[in-house]
Each structure stands twice: as C-alpha cells, then as structure tokens.
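First up is the structure itself, then whatever we jot down about it.
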Amino acid sequence: MDLQERVAAVIYRAIDQVNAQLPPADRLEKTRDTVLFGREGGLDSLTLVNLIVTVEGLVEKEFGRAVPLSIAEMLFEPDSPFSSVGALGEYVVLLLEGRGAKSLSKVR
Amino acid sequence: MQQLSALLVSDFNLGNFSRYLEQDSDVPAVACKSAPFGQVISALLNPLIDERRPDFAVIWSSPEHVSPTYARCRDNRDGDLDTILAEVDAFCTAVTKFCLDVDLVFVPSWVPVLEPSGSILLGMRAPLGASLLLLEMNLRLARNLEKISNVYLLDVTRWMGSADGRPRNPKLWYLAKVPFANEVFLAAVRDIKSCLRGFRGGARKLILLDLDDTLWGGLVGDVGWEKLRLGGHDPAGEAYADFQRALRAMTQRGILLGIISKNESAIALEAIDRHPEMVLKQQDFAGWRINREDKARNIIDLVHDLNLGLDAVVFIDDSPVERARVREALPEVLVPEWPADCMLYPRALAELKCFETPAVTAEDTMRTLMYVSERSRAALLDRIGSVDAWLKSLEIRVDVEEVAEGNADRALQILNRTNQMNLATRRLNEMEFKDWRAGRTRRSWCFRVSDRLGDSGIAGLLSIEHVDEVAEIRDWLLSCRVMGRKVEETMLHVAIDYARSVGLREVRAKYEPTAKNAPCLAFLQRAGFPARDGEHTFVWNAEREYPLPEAVACPKAVWRTAGVRAGRDRRT
C-alpha cells in the first residue's frame, strides 16, 4: 500500500468515527469527491472540526508523526485545503513528505 | 420504549455529546435540545423549551464557570474556600429550582476543562491547593444535591478513564469549545442510557453464569474441586475470586445470580460447598440448572421457575460456542462478548451497562434470600401434596401500608418493574407517581408479604381512583415471587372492602393487555370477578364482600382509615 492509499485509509477511518455522531442522512461518503468545505456547501463547523482533529490523531498513530491540520486560520478559509476528502488526503501526504505549507498551493 | 426528550444545559459545547446521545442505537431513543450556550443559570431558571417539559435533563457545567473564585484561586492562589462554596451553593439553588420543573436530572461532577497544571506538591495542600478546592466543591455539590430526590450526581472521573489516557482534547477546546475527547462523551452516553433504562424498568435482573473457566479456572469434572484455580497465590485464581466478589456485591443491589452449567450437578455443588476459596455459596444463587442439556433450554426452564422474563437475563459463559447458541436461540437474553483472559472478567462485568436502578431498597438486598426461601416452600409443597394444606402451613401474613415516604421507592420499583401480574402496566417516574397520589380521590397501598419461611418484603401495589361512585383500580401489581400464595385474592379483598367502607357502588378493573401480562387476565377470569365490555373490564358490585382467603392473615385494615367517602373528602 503506498502512502496515498494509507492516508486515504486513515481518513476513511476518521469518517467512520465522525459518522457515528451523525444521522444517516448526514453521514459522509467515503469517496475522494465528498465535499468537506467550500463555497458550494459542506460540513457544519463542528463536524469539520471533529473530522480534522480525528484525522490528525489517527495520522499521528499510523505514521508516528504529528501533522498540523487543525489550524484555525486554515479550517474555514475559502481556499482551505480541506475542500474535499481527496484534497485533504493530498495535503496530508504533502505534510508527511515534508513539503508542507510551502506546497499548499498545489492542492488548492 | 418511547423516544425521550432531553434538555442539555452547559457552559461549554455539548454538541458532540448531544449527537452521540441521539445517534446511540440502544433504547431509549433520545431527542436533545440544548439550552443557549454558556447561559447555565438563566437556563436553570427557565427550563421549559418550546413550552414542553423535557423527560430528563443533563446539567454539565465546569467548575471554572460555576465558581470564578475557584478559577482565580487555581491561577493566582487568590481567593478563599468560603467564597467558592458560596458560589457552589448559589449554583445548587438554581439546580433545586430547575428540579421542580424537570422530572429527572443528571449532574456530572466537576473536573477542570483544561489540563490540570500547577504544582502537584501543593495541589492537595490546604488552604488553596487547586485539586483540594475541586474536591471541596464536588463534596459540597454532592451534599447539596443529595437532598433532591430527582437529581443524580454522576462521577465524571469514570468517563475520563475511558479515553486512552487523553480525556481532554485541547484542539477541540480551542477550535470548538468542546473540552473532552469524544471517548468521554461516548462513555457518558452509555451510562446515561443505562440509567434511563433503569428508571423505566428496563434493567436486567438475573445473571446466569457458567461454572468451568467462568466462575473458577479448570474443569471440575476432570480435575475435582481440590485442583480448581480459585483464590490463593495465583493470578488467575485471584481474578476468579475477585470476579465472584463483584458478582456477590451485585446481589446487594437486588440482582439475582443463577448457574447454567454442563456438569454433573453433585460434583459442581460439592465444589461450591467445599472449595475454601469459593466466595459464592449456594445461598447466593436464586437457582441453577447443572446438567448435560442444551443451555438455551435450561435458561428457559430456570427463568420460568424464577418467574422472570428472558429480557431480564444476562448470560455469561467463557465458551464462544455456548454464547452463540444462546444468542441465536434466545435473542431477548443479553449475551455479552466475554474476554478469553480471566483477569479481565471483573472489568468486563463492570462494563455491562444494564443493571442501573435509581434506588436500592430493603427488598433488593434480600432478593436472593427470598428465592432461597422459595426453594424451601417448593420442597414443603412436594412433601405436603395439597396446595391448600401447603398454603395454610405457610402461615402467610399480608400487611397493607399506605404508600408514603418510607416505602415509595419500593412502590415505584414494583410499578416500573413488574410485568406479569400487572393490570394496566402504567409506568411512572417518581414525580409523576407522587403527583398522581396527591389527588384527593386517589389511594395507593403497598402489600408486604411474609410467611414462616421468610419475608418477601413489599411485593404488591394497589392504586384506586374514585370516579363518581366507582372505585377504578389504576394499578394492581404483584411481584411474581409471591404469585399463587393467595396474595392476589387478598388484594382484591382490600380493593372491594375499601370501596364498601367509603360507600362506593362498584369496583372496576380495566385490564390493558401487553405481551407479558396474560397471567393477570387469567387470574381475574378465575377469581370470580365478572367481566363487562367484552373480556377486559372486570366489575364487582360493592354490595357484596370479597372474602379474605382463609390461608392469609391480614391484621390491620389500614385501608378503612382516612378514606374518601363517595363524593366528599374525608382525608386530612
């Protein structure tokens, strides 16, 4: 399993945890295209915070490295890297590869 | 169980807790409303949301919010204990007022919302150690709230322990004002759901246990009782003994124990009697089936003997095969997954969330003893042969008491737990029952049953309401433990004698069928109580007496005092 697949698996585990809080109609689909945040709608703020904080914790457990995702300025910015599940995954991969914030524009 | 409405009051974000509570699949279903964020005192003083009274409320506050002086003391050691306690008292006053409008209130105890900091050396040192102050606050909270019968203080530290060493999540706090990790909220939901089931009579009452490798280590039929692993200087033996101790402690809360084991009965019972480290003795078990038969069949048989329903049962067995068999054959029985390692048994038992009850009565602590007495009665019946002769030999005595402060807990238990001999299956919480009894034309009596073989405690409840010149029986319930001992007839005698004594024309009992109360209908049909309106309304003309059974002594006719004569109030 390559890095991208491992990160996607971690994000899907986080989605499972967050879905346990949500009524069936609001549950997140485990696909790259699932919208998380942006002009065309997305999650309410508490759900987004829960998801990002959960992903952060699980990434640290899986890879043994802390990745700073829950940065307030980033969470609710129009150009947030958390627009979709796919974009979030790409951003986590960048951070794990040590390219981090400098490469943020690539996933926006 | 119907969906319950909850009101959540907090000074921090309870959104995650609220979502877990609503999405949890265990009964009862809950719909939450949250009071405006951070406005605890205002919400406590105005608890009605949408003009609707919630079924229950959770008031989960932080010590920093309730007592600004505590927060200052913790940060700057600036303040004093008296001021902190005065702030706690003010909070409790608001809670007390709130509890007049909400039937059931849970108050989690206080822990700091932020990681405790400061000196560990000085934390517990008087006068201003932060940890010591928090203990003082929680103690004051407990002392103040213990005076209110419908509020329950819940120990948050139990939930904090379930969060893998990280009960607080600073990121959730700073981003969303959620102080605790989600595991803490999940643990809280599990406990509160368990309490809600207990309040509605849904607590499990009987734990059925396997023996080999469950209550002790080893196969007694192979190794003999002398070689069992139980107690002693042996990690596994100590764990089995601790597991037995935890089970025995549960009997003090009214939970019954039974044995379902594939063994030779004589060998297994010898082990129970003779093993010196055996904590549980024969008299700790309400009954057993120790044979080579199918365990599911044995469970049905034993539960029937104990007059309980399968939905009252928890079955604990180390064998995955036996668990799967019982789970498949008897879906009403709770069959928890059970750890393979006996050292985890006490914890697995503690984690079962199905035994909560709002009060422990004297009857609860004697319940197992009552079943042991019942075994003696059955043995006596075998010897004597005739049921009438047996009943007379028992010297049954029924004492009738008006429901009042001293017996209301037990009356409420009977109301909410009894299924079989239950006329209307009316379920009420403490305040609803108290409100109902406060009516001028309503009376409720408890029936305390004893005989020469033992005391069964309060086992029956009768509630009557006058409607015009008719005594309507609202509640007529009898614990299955004393069914068939003429207490049923004694209760009818009391109902009719009461109606006659206050000049009522007739006594009416409307049977409301449920999946479980067919025994009640069968009794009324054979008791000579004429039915009207089809088969379910039973009417007795109060001009005729209903005799007290010969086998029963009922010394004091308390129901004849302070009654409500038809049409006018004689109560003081």
> Between A:Lys30 and B:Arg526, what is the label-to-label distance in nm when each label sits 7 Å out along the Cα-to-Cβ direction?
Replying inline: 5.8
> Roughly speaking, to the nearest percent, how much of the protein assembly as shown's 1.4 Å accessible area is carbon and sulfur?
Replying inline: 50
>> Can you give the longest run of chain B that contains no GluC sites (Glu not before Pro) sitting in a DSSP loop with at most 14 other Cβ atoms inside 10 Å?
In response: B:147-263
>> Can you work out the Karplus-derived ³J(HN,Hα) for every residue in region B:341-355? Use 6.51 cos²θ - 1.76 cosθ + 1.60 with θ = phi - 60°, whole Hz, and x for glycine or proline.
In response: 9, 5, 5, 9, 4, x, 5, 4, 5, 5, 7, 6, 9, 9, 10
> Among all the lysines, which ones have a C-alpha under 27 Å from B:Lys97's C-alpha, if same-chain residues fewer than 8 places away are not counted?
Replying inline: B:Lys33, B:Lys147, B:Lys193, B:Lys434
> So what J values fall out for region B:149-157 if you push phi through Karplus, 6.51 cos²θ - 1.76 cosθ + 1.60 with θ = phi - 60°, rounded to Hz, Gly and Pro as x?
Replying inline: 6, 9, 10, 10, 7, 10, 7, 5, 4
> Within chain A, what is the longest stretch that has no GluC sites (Glu not before Pro) placed in a DSSP loop and near at most 16 other beta-carbon atoms within 10 Å?
Replying inline: A:41-96
> If the viscosity is 1.002 mPa s and the temperature 20 °C, what translational diffusion coefficient in µm²/s does Stokes-Einstein give for chain B when Rh comes from Kirkwood over Cα pairs?
Replying inline: 81
> In what sequence, largest accessible area first, do B:His65, B:His466 appear using a 1.4 Å probe?
Replying inline: B:His65, B:His466
> For the pair A:Ile71 and B:Lys227, how long in nm is the line joining their label points, each one 7 Å along Cα→Cβ?
Replying inline: 6.8
> Over the Cα atoms of region B:294-450, Rg to Rh with Kirkwood Rh, two decimal places?
Replying inline: 1.03
> How about region B:222-313: which trypsin sites (Lys or Arg not before Pro) there lie in a loop by DSSP and see at most 12 other Cβ atoms within 10 Å?
Replying inline: B:Lys281, B:Arg292
> How many square angstrom of accessible surface are buried between A and B, both sides summed, with a 1.4 Å probe and rounding to 100?
Replying inline: 1200
> Label-point separation (nm) for B:Thr537 and A:Glu5, each offset 7 Å from Cα along Cα-to-Cβ?
Replying inline: 7.3
> What ³J(HN,Hα) values, in whole Hz, does the Karplus curve 6.51 cos²θ - 1.76 cosθ + 1.60 give for region A:20-25 when θ = phi - 60°, with x put for Gly and Pro?
Replying inline: 4, 8, 10, x, x, 5
>> Probe of 1.4 angstrom, ligands and nucleic acids ignored: what's the accessible area per residue over chain B, in square angstrom?
In response: 44
> Can you list residues whose amide H is under 5 Å from B:Arg474's amide H, if they're 5+ apart or on another chain and H is modeled 1.01 Å from N?
Replying inline: B:Ser463, B:Ile464, B:Glu465
> Residues with beta-carbon under 15 Å from that of B:Gly202, excluding B:Gly202: net charge, scoring Lys, Arg +1 and Asp, Glu -1?
Replying inline: +3
> Given that compact globular proteins tend to follow 2.2 N^0.38 Å, what is the ratio of the alpha-carbon Rg of the protein assembly as shown to that value?
Replying inline: 1.14
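The values are calculated or read from the model by the stated rules, or taken from the named source; none is laboratory data. Every value quoted in this text rests on a predicted model; they were computed, and no experiment measured them. Here Cβ is always computed from backbone atoms with ideal geometry, including for glycine, and neighbour counts include all displayed protein chains. The area values use the complete protein model at the heavy-atom level, side chains included, leaving out ligands, DNA and RNA. Shrake-Rupley method; radii C 1.70, N 1.55, O 1.52, S 1.80 Å.
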